[in-house]
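The values are calculated or read from the model by the stated rules, or taken from the named source; none is laboratory data. Values in this document were obtained by computation on a predicted structure and should not be read as measured data. Glycine gets a Cβ as well: all are built from the backbone with ideal geometry, and neighbour counts include every protein chain shown. Side chains included, ligands, DNA and RNA excluded: accessible areas come from the protein's heavy atoms. Shrake-Rupley method; radii C 1.70, N 1.55, O 1.52, S 1.80 Å.
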Amino acid sequence: MEAEIVMTGEEQATIGVLVADDHPVVRSGLVGMLASQPGLRIVGTAADGEQAVAQTGELLPDVVLMDLRMPRLDGVAAIERISASHPRVAVLVLTTYDGDADIVRAVAAGAAGYLLKDAPLDTLAEAIRAAARGETVLAPPVAARLASRLRAPEPVTLTRRETEVLAAVARGGTNAEIARELFIGEATVKTHLLRIFAKLQVDDRTRAVTIALERGLLPPITPS
């Protein structure tokens, strides 16, 4: 199916926009709203990810307004292809999905911004202008989610054997004592400790036990 081409005819328009959305009503609505905005020119539309990639190569818009859930090729895959083949084209996600995984995947693929479909028209228009200038644009809820994700430490898990070794350390065991208790070599105990230190980002046994207890990776120490 050929993609629709819609021109505003405004001589003052300077930013070419490609609208990619699989819902005809949404697509037409976006075209109608954005065509009236100063400085914006709708150069074309696409009904799926494959069309978005093809139309980008043919029309070379300044900004692609990209939905995430689309047939044939989803938005993230389309963003990856466009970013690889046309790095000067800014792709601005416009979607109803605000889950952490969706946001991270889109940004990692090369999206210049991430907006939700409940954004006011003036906010959307300004976001397109900002993306065309090379700026990153995030809806406030999206920015909050990303900030929270970046602040949160990556979850750490210990293997069963690493937990046994660290629990023995917490009880005051030496490497030799731990090796005898667990029927493993002393060198193996050292290897497990090095892996534990790396996972917890510490450099000594006491700190490893403290951090593991704080994160619930070890049961509370009870006096013997």
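Hey, what angle do you get for helix 49-59 against the long axis of the chain, alpha-carbon based, 0 to 90 degrees rounded to 10? Compared with the principal axis, the helix lies near 50 degrees. Considering only protein heavy atoms and a 1.4 Å probe, what is the carbon-and-sulfur percentage of the accessible area of the chain? Carbon and sulfur together cover 55 percent of it. Can you tell me the relative contact order of the chain? Whole percent, Cα pairs under 8 Å, sequence separation 6 or more. Reported relative contact order: 13 percent.
A 1.4 Å probe run over the protein chains yields, for the stretch 75-216, 55 Å² of accessible area per residue, whole-number rounding. For Arg72, what charge total do you get from the other residues with a beta carbon under 13 Å from its beta carbon, if Lys and Arg give +1 and Asp and Glu give -1? Here the count lands on -3.
Can you compute the label reach from Thr174? Point 7 Å from Cα along the Cβ direction, backbone N cut-off under 17 Å, restricted to the stretch 195-215. Zone members listed by number: 205-206.
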